[in-house]
Structures are given as C-alpha cells and as structure tokens.
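Accompanying notes for the structure given below.
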Amino acid sequence: MQGNNNISSNLKRKKLKDFIPLVIAFFGCMVLLSLYQNLRLYFDGVLDSFLNKSFLLLIMHHTGFGALMAFILAFLFNYLENKKANLGYNVSKIVLGILIVIEGALIEHYIQNYEVLDYNMFRFVEIVWEGYSILPIVIVLVATILLFLWFGKVTESLYNVVSRTFPLTIILFSMFLATLNSEKKPINENKTQHYLESAVNNIFDFNKYEGDAEYPLIKEKGGKGRLDNYFNLAETKPNIVVLIVDGLGSDFIGKNAKYKGFTPFLESLSNQSLYWKNHVSNTGEGFAALPSIMGSLPFGKNGFTNLENKVNRQTMFSVLKENGYRTSFSYGGNSALNGLDRFLDEERVDEILDKKGFGDGYRLQDEDAAGISLGYPDTELFSKWQSLDKFTSMPRLDVFMTLSTKNPFLIPDQKEYEEKVDRILMASKMNKRTKKLVNRNKEVFASLLYADQAIEDFLKDYRRQANYNNTVFIITGSHNLKDLPQDDNLGRYKVPLMAFGPLLKYPKKINALVSHADIAPSLISMLDGKYKMKVPNKVAWLGDDLIHEGIFKKTKQIPLFRNKKNVHDYIHENLFVSGSRVYHINNDLVLDKPGDNAPVTQAKDNFRYFKAVNKYVTANNKILPRSEALYAKGSKEFTKAEMVWVQSVFNGNDFDKAYKTARNLAIDNDWDRALLLANYILSKIPRHADTEVLIGRIHSWKKDYKTSIVLLSEVIRKYPTYTDAYSALLDTYYWADKSEQADQLFKTIEQKGISSREINEKITRAKEQIRKNALKKATEHVKKETNIVALDIK
C-alpha cells in the first residue's frame, strides 16, 4: 500500500499545458472528419466541390462544439488531476476520443442517408452495422484516433498560446457562443451537437403526445350548423368575402369598448350584422390569424405558415375551390413574410395580390425609420382589387388582409386624421387617463379612423359588383392591438366578428364565446347544408359552430397562440389558463378568481394535452391522412441527395442571395443545377418573381421554347406590371422565331403602361422580325406562284 502511494506521488500531475494539445488535436480531427464528409459527398456526385462555403461553416461549427467540450472538460481536468495524477488527462483523452468516434459514426449515417440523426431515432450500433459499408468509416476512425494521439504529442509546444485556465475557459466559451446564432444546415453542423440538442429537447419536453390515436384531431364531419338560420341563401352559391383587419380589437367596437368613436363606420355596421361581442382571435400575431380563420388549424411551434414540412389539411380555400369557387387573397404587404405565400400556393389560391402586383399609379405607405415601407395602405389595396378582372361566371371567395393599422401606423394624410382624433377627444366622455393615452398614441387612433373609412368606401364600391346581392361578408380583427396596454392577458385576443350582407335575414347580437377557429367550420357547414357540397367525411377543425346558447359552451376549448414559440394561453369553458395560472372568465370576458369548485385541474390537463397534440400533429404530418386532405402535396419534392447539394451552395435564409447563385449557375450553362436551386427557392418562397422569370429564361436557353412561353406567360398573369417578365418573354418569342405571337403582348404592354429602354428596343426588334418574316413569306409565295405559272406554260 505504501508502495502504491509512493508510485502515485512520484507521478507528475498534468497541467494546462498538457490539456491544450488534446483540445487542438480534437479540433484537428474534426477538420479531418469534415474533409472526409465532403470528399465522400463529392465522389458520390452530390457536391460540385468538396472545398466550399459549407465546408468552412462546418469547421466553424466544429470549432464551436469543440470549444464547448473543452470549456466543460477544463474544469473536470483540473478537478481530477488534483484528486490523482494523470486521472484528468486520461479521462479527457478518453472523452474526446469517444466524441470523435461518435461524430465519425454520425457523419457516416449522414453520408449514407443524407440526413442527420435525431435523438428519437438514435440506434448507434445499427447505424454502423445495418446495411452500411463500414470499411471506409472504420479506416477513417482508426486513422483519426491515431492522429488524435499523435497530434496530442506534437502540439504540446503550443502551450504558450494560453497560460492560465481562466482566460482559456473564457476564450473557449466565447467561441461557442459565437456559433449559436450562425445558420445551421445538416451539411454544415456538428452532428454530435445536433444529436445532443435533440436529446435534451426530447428529455425536457414534458408535453409529449402519448395517445393511441394516430390522428388525434380527426373527427366525423359535423351535422348541420345553425348559422344558416340567419341567411336567406339563394339557389346559386353566394360569394364569400372575408376581411381581416390587422389589430382591430374589441377595445374599439362594442358596448364595453375602451376607445369608442375611432371606428364609426364599423360601429354602425355592427348594428346591421350578426355581431359576436364575445369573440376572440386564436392568436396574438397578425400573420397567424389567416390559417386559424381559413382552416381552423393548429399552430405548430412558430405559427402554421412557418412550418418547415408540408402538412395535410383542409381549409376554406381548398374546400370551396373543390366546389366551383374561384379563390383570391389580397394583401398590400410582402406575402413571403412568415410563409403566407407558401401557404396560399399549397392551397392553390387562384389569384394572389400582394406588394409585387400593384405597379405604377398606386402609392406605397411611407417608409419607417429604417427606410422600409410595409407596403400599400388599405385604400390602395381595395382600389387595386376593384381594378382587377373578376370571373363572374362562378362564385368567389375573396380574402383580404389589411396593414394600415399595423406599427408604424404611417397612413396617407396622417395629419388630417390626427386632427380628427383631436376632435373626437374633445367631444368624448373618456376619462382623463384614457384621453392622455390616446394623445400619446395619436398615430394609432388616426390609423383606425383611416382604415374605418377605407372599409366603408370599399363596401360602397363593392355594391357595383355583379353578384353583390348574393354575397356574405365577414369582418374580424387579426388580434387586439398590442401597441396599447391591455387589462389582462385575455385582452390581446378580444376581437370583433361580424357577418352581414344582403342575404342576412336580420341583425342580432350573439353572446356565445367563440373564436376564429369556428369561422371555417360554420361557413362550410352552412353552404354544405344548402348546396350538398363535396366536403371530406373526416375533418380536423380546432373549432366547431359559431352559434350556441348562452355565453359558455360545455366542453368548449379555445387554444391561444400568443406569439412565436409560445402557445401560452388556453380557454376551457369559462376558465382561462395563462401559463401556470387559471382564471375565471365572467360574462363580460373579464378575468377574476376561479370558484372553489371550478375544474382547474381539468383545464390545466387539457391545455397540456393540446400543447402535446399541437406539436405532434404539425411535426409529424398527423392532422389528417392523405385520403382526407385536399392539395396535400402541391409543390415539388426534393430527394435527400438534392437537398445536400442545395445546402452546400445555400446556407441561410437570404433567398435573394440564393437567386443570385442560381442565376450565376445558369449563366455558366449549368442549367440543371440552376433549375434545382431555383425550384428549391420557389418551394420556400413561391412568389419569388425573379426566380420564376429565371426558370422561364433557362427553358428558353435550353431551346424548350414551348415550356418557356407557358411559364413566362403565367408570371405576367401573376405580376402584370413586372417589366423583366415581359422582357424575358419577348426574348423567347424572338429566339423561337415566333414574333407574330408577340402582337398581343405589345397590346398588354401598352395597356399596363410598361415602359423602359430595354422593352422598347425588344419591341422594335420583334416588329422588325415580323416585317422580315412577312417579306420572306411574300417572297416565297411569289416564287411558288411563278413556278406554277412556268409549269402551266410548259
């Protein structure tokens, strides 16, 4: 025993100078594994080059992961060395060696499957042994471990880089933090870190769906709703117009409104409508209102339109389109934000009007302090829509989203409307505190007055539509304005809901507590009851009927998506769950303490269950089976190998930059790769006009003129004022020697006021080609006639 102690005391304890070479050796091995990954992908034909931007990003992310491991091990190293000589050094060597083996195995899995391994599918032995060619990775791992040990010897001299543990740990931790906000894609991330993060998220996710039903939201199509009791539906299907007003909350309309007088038209309209005074939005975010209203859909993590994967569903867009409706969506802003355009594209909406489709003659909203304009204000939106051709031979579903009541509230003629705010305040009976708040936020209330006037003018103009007398109008707010203080957490969701039009039998105030999620099921049920429509037998609506007796319906559940990554609130009958707290909702939707017999535990359990189901159905495409869904898989699917290549040339979310990469590939005649990247861009941003034009041009360069003409004509239909589309189509007509077909395009260019030097030159070129072709035909005709006469003479 004494001898052993002497041996231990004679051993020299390792210091930081011995630990640093291990860290450097570990990083060197990560670089080698990065090289191995990209070389394998390159020789498999997946990558164009093994040394590219994704390779540098991969090394950066390996650096971040290595820094984190070194930061943790540095403390363990010192602690164990103080306990026993060489213990910390040997443990660090073993841990880093194991991490190298794990990373190598996960890289091999990625190379074989083109996807990174997540915790819930982790079978470490099987990824090595099940059907893989293990020889390459075994050789690489053995070589890497040997190099790791060798690196540890040759890099001991680098100790002088850092001489103390404290500054080393700060440097390492800083390196790790620097990589947290960098864009990670499967090809460029440390696979071990991805797996560990997945494991942590899985272990600490206490809202896991553990039910037996594969599709927990699915249910039988409901019976006849009660909304049709209030409408005299004609023999032909009615137009449906849905107007979603950003930020229009119940604070501005109704008996208990805090800020009365700033929406006078909508206030008067509520007295001529079915008006739900206890109606709530399912979301506190404007963009997230659309899928709730049109599809009664769950939220996912960041809102339904931001889901990465495609999910089977039914919406009012798809159901009505299947039943002969022409569908449209109109918005003055950028529909690419938060994936609205992708959602609409997957729903195959016939007409989409957004910021790109206005053209000259329409006034953009003023720029904010950052020099950015949100888009076109409400009057311009309605004016543009009125100018478009309408297909009156079929019923229409027209959906509008406004933006003038959205921060920064830069409306046209702002001073004029702020003066109206002053006049309303002078005549108002609001208390001093409320008046002071209005004065401090005058631009907010001016925007409400402006939007109210814009809606009034729109509805007056709509009376000139051919099918006006057979139209049902729906107006609601996206959510209550968050730029003004709320009394409680429920306040953010309180929004008015009105249904009106010439078909309404009589106006009525409805007390029922309902939500956006009830709109689509109720309208579809009303139409189905009258017209026996084609509606799937199975549905997965979150809501049900807009009409029920009293205020609170037994078993009524209303999930509430406060903001991105935050399903924080929930309504269970007459209880409001907010985080861990539960409140009673009284008849005026004011929160107070729940009674002793209130089912608080049940409300909390239902909320936890919904959060689990919400995550499960959206992450795993389990809202509906394919057989019950409409337009489930509309856009192009990509193979795993194609996605590896895409991620190797495009790392990030800047799709304009991706477009430039695709354009450069096309210029270099790498048309297949350019088309692949361009189609990927459109799968994420379906209305990226430059990319759509590029695809049309590529087909033209490939001499596939027929496809090019079809594609570019569709771009012009979608963006009738986009000059580059006309330029590309004129090129295609010229190269295909079909300038005669350009004659109608000349008229469209003139009608739309398209004018530029480039366009004018191409029109002149086309007309010259037409002239030459006509002369050539005339010459050939004269020759033919001459030959005929000569034959007759003979």
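Each value in this text was obtained by applying a stated rule to the coordinates, not by laboratory testing. Keep in mind that what you see is a predicted model, and the values were worked out from it rather than measured. Virtual Cβ from ideal backbone geometry, glycine too; neighbours counted across all protein chains shown.
Here is how the numbers come out for the structure above:
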item	result
Helical contribution to [θ] at 222 nm, DSSP H n ≥ 4, -39,500 (n - 2.57), averaged over the chain, rounded to 500	-16000 deg cm²/dmol
Largest-first principal axis extents, alpha carbons of region 638-679, Å	25, 21, 15
Cut-off 14 Å between beta-carbons: net charge of the residues surrounding Thr707, Lys and Arg +1, Asp and Glu -1	+2
For Arg326, residues with placed amide H under 5 Å, excluding near neighbours	Arg396, Leu397
Shape of region 488-552, Cα gyration tensor, a/c cut at 1.5	oblate
Added length on full extension, which subtracts the Cα-Cα distance from 0.36 nm per residue, Asp422 to Leu233	63.7 nm
Farthest positive-ward along the chain dipole, Cα basis, beta-carbon charges - from Leu624, Ser648, Leu560	Leu560
Extreme residue, positive dipole direction of region 640-788, given options Asn679, Ala778, Thr691 (C-beta unit charges)	Ala778
Radius of gyration and Dmax over the Cα atoms of region 361-423, both given in Å	15.0, 47
Kyte-Doolittle at least -1.0, axis length at least 24 Å by Cα - qualifying DSSP helices, the chain	16-43, 53-83, 87-113, 135-154, 442-462, 600-619, 757-793
Of Lys185/Lys564; Lys14/Lys191; Lys752/Lys776, pairs whose Cα-Cα distance is over 24 Å	Lys14/Lys191; Lys752/Lys776
Length gained when the stretch Lys738-Glu308 is fully extended (0.36 nm per residue, less Cα-Cα span)	150.6 nm
Pairs of lysine residues in region 251-399 - Cα separation under 16 Å, sequence separation of 8 or more or cross-chain	7
Cβ-based exposure ranking for Phe576, Phe638, Phe343, in which fewest neighbours within 10 Å come first	Phe638, Phe576, Phe343
For the chain, radius of gyration divided by Kirkwood radius, i.e. Rg to Rh on alpha-carbons	1.05
Pair Ile102, Phe391: separation of 7 Å Cα→Cβ label points (nm)	5.6
Cut-off 15 Å between beta-carbons: net charge of the residues surrounding Ser270, Lys and Arg +1, Asp and Glu -1	+2
Calculated FRET efficiency for the pair Lys15/Arg581, C-beta based, R₀ 51 Å, to 0.05	0.45
Residue exposure sequence - Met643, Met294, Met394, Met426 - by fewest surrounding Cβ within 10 Å	Met426, Met394, Met643, Met294
Pairwise FRET efficiency - Asn207 versus Thr707, Cβ, R0 = 45 Å, nearest 0.05	0.40
Qualifying trypsin sites (Lys or Arg not before Pro) for region 473-510 [loop in DSSP, other Cβ within 10 Å: at most 11]	Lys505
DSSP beta bridges in the chain [antiparallel fraction, %, rounded to 5]	50
Within the chain, longest stretch clear of exposed GluC sites (Glu not before Pro) (DSSP loop, no more than 16 other Cβ within 10 Å)	368-548
Relative counts (whole %) of C-alpha pair distances in region 640-788, using bins that are 10 Å wide	11, 34, 28, 16, 7, 3, 1
Contact order normalised by residue count of the chain, Cα under 8 Å, 6+ apart, percent	17
Cα→Cβ-extended label distance, 7 Å offset, between Asp368 and Arg226, nm	4.3
Calculated over region 411-558: convex hull of Cα atoms, volume per residue (Å³)	184
Length-normalised contact order for region 640-788 - Cα pairs under 8 Å, 6+ apart - percent	14
Cα convex hull volume per residue for region 573-700 (Å³)	200
Per-residue HN-Hα couplings for region 276-285 [Karplus 6.51, -1.76, 1.60; θ = phi - 60°; Hz; x = Gly/Pro]	8, 7, 10, 9, 10, 6, 7, 8, x, 10
Label-to-label distance, nm, for residues given as Asn760 and Asp360 (7 Å Cα→Cβ offset)	1.1
Sites Gln751 and Arg771 - FRET efficiency at Förster radius 25 Å, r taken between beta-carbons, to 0.05	0.60
Subset of Lys208/Lys593; Lys221/Lys554; Lys53/Lys684; Lys508/Lys553 violating a 25 Å alpha-carbon distance limit	Lys208/Lys593
